[in-house]
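The values are calculated or read from the model by the stated rules, or taken from the named source; none is laboratory data. What you see is a predicted model, and the numbers here were worked out from it, not measured in a lab. Cβ placement follows ideal geometry from the backbone for every residue including glycine, while neighbour counts extend to all protein chains displayed. With ligands, DNA and RNA removed, areas are computed over all heavy atoms of the protein, side chains included. Shrake-Rupley method; radii C 1.70, N 1.55, O 1.52, S 1.80 Å.
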Amino acid sequence: MALRPAQRKRTDKEDPLAESEVTLEALHPRELRHHFDTPEQQLESSLLGMWIFLLTEVMFFGGMFGGYTVYRNLYPDAFASTSQYMNVTLGGINTAVLICSSLTMAMAVHSAQLGKNRAIILFLLLTLFLGCVFLGIKYVEYHEKWVDHHIPGPHFQYADARYFHQAQILFFLYFAMTGLHALHMIVGAGLIIALIIMAARHRFSAEWYTPVEMIGLYWHFVDIIWIFLFPLLYLIGHTK
Amino acid sequence: MTHTIVPAKVYVGVWAVLIALTFTTVAVSKLELGEYNFIAAMTIAVAKATLVVMFFMHLKQSSSMVRLFVVAGLFWLAIMFVFVLSDYLSRGWQPIGQWW
């Protein structure tokens, strides 16, 4: 749409409005919405909005962590006794898998900043793969709990009869917290697929890659939740 | 855009530290430290979360506005925990000091 200099000079004299149109085009790149002054301000707004959303998520998960803290305070021995039924190896592997997926996600954002479209797609595919590995391992763990009758409800069984009711509270919290976390992973996987499609359609450039950065923040947040869940659920009373 | 681009080396370095801390937290949990087991596990978790927030989530380069919001959010989380625990811990249902 850019007019050649010679042409622009002529239109300047003939029509002042034409000049303002040219100026607007120069001031407002395709990526910049008109209600923002600068790309910096536009990015800042997106970042702030995303962080506020993530902080509401922190409060959301915080309620569950609060419930966990209260019941662990009430029944410390029962909670410690459950850790022998948690698969620390699988939990530890999953922690490493999530940390690796955070690295690949950070690298996807890094590639977006450099405008390397193929690298974005590659790193997003890796992140998606690692996310699926995490969910697969989670499925194996849930299946173990199912086989061991460690799912709270009428079929719950517990080796130590003293803690029959109290251990059920921990397993309820285990499924609620890891389940909610897994739900966030599934949503994240969907969002990554959307990003891959956008990247394949060349929607991102070094000037505009906001969705990659935003979904990246979300993915890292989900990683942080797991960083706290792993020691709290798997490693309590691990010494016994 | 605005961010100064962090070299990929930094991300790989942070990743290596996070993996090392994961092994550390599993190793420390096998030691008999009494109540310090819980404190050690939470300290490592907070350290890992801080690394993720600062480097992977770019809070280190974020504006003071974004940082203020993050601190405010964590402050509100602290309010929730302090009020919930000041209720439950003061009911005398369980002797304080035993909960880890």
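In table form, for the structure just shown:
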{"item": "With all protein chains modelled, accessible area of B:Trp76 [1.4 Å, Å²]", "result": "140"}
{"item": "Max mean-square fluctuation residue, GNM over chain B, Cα-Cα springs under 10 Å, options B:Tyr11, B:Tyr88, B:Tyr36", "result": "B:Tyr88"}
{"item": "Relative contact order (%) - region A:39-234, alpha-carbon pairs under 8 angstrom, separation at least six", "result": "33"}
{"item": "Added length on full extension, which subtracts the Cα-Cα distance from 0.36 nm per residue, A:Arg33 to A:Leu114", "result": "27.0 nm"}
{"item": "Inter-chain shielding of A:122-128 (mean C-beta neighbours from other protein chains, 10 Å cut-off)", "result": "0"}
{"item": "B:Val53 - accessible surface, heavy atoms, 1.4 Å probe, Å² rounded to 10", "result": "30"}
{"item": "Principal-axis tilt of helix A:117-147 within chain A, Cα atoms, nearest 10 degrees", "result": "20"}
{"item": "Cα-Cα separations in the protein assembly as shown greater than 37 Å, expressed as whole percent", "result": "29"}
{"item": "FRET efficiency, 1/(1 + (r/R0)^6) with R0 51 Å, evaluated for A:Asp148 and B:Val17 via beta carbons", "result": "0.90"}
{"item": "Percent accessible area from carbon and sulfur atoms, chain A, protein chains only, probe 1.4 Å", "result": "64"}
{"item": "Rg/Rh (Cα only; Kirkwood hydrodynamic radius) as it applies to region A:39-234", "result": "1.06"}
{"item": "Accessible area (Å², per residue) of the protein assembly as shown, counting only protein heavy atoms and a probe of 1.4 Å", "result": "51"}
{"item": "Calculated from backbone phi, Karplus (6.51, -1.76, 1.60) coupling profile of region A:195-212 in Hz, x at Gly/Pro", "result": "5, 4, 5, 4, 5, 5, 8, 6, 7, 9, 9, 4, 7, 9, 9, 3, x, 4"}
{"item": "Whole-Å distance, taken between Cα centres, linking region A:200-240 and region B:25-85", "result": "15"}
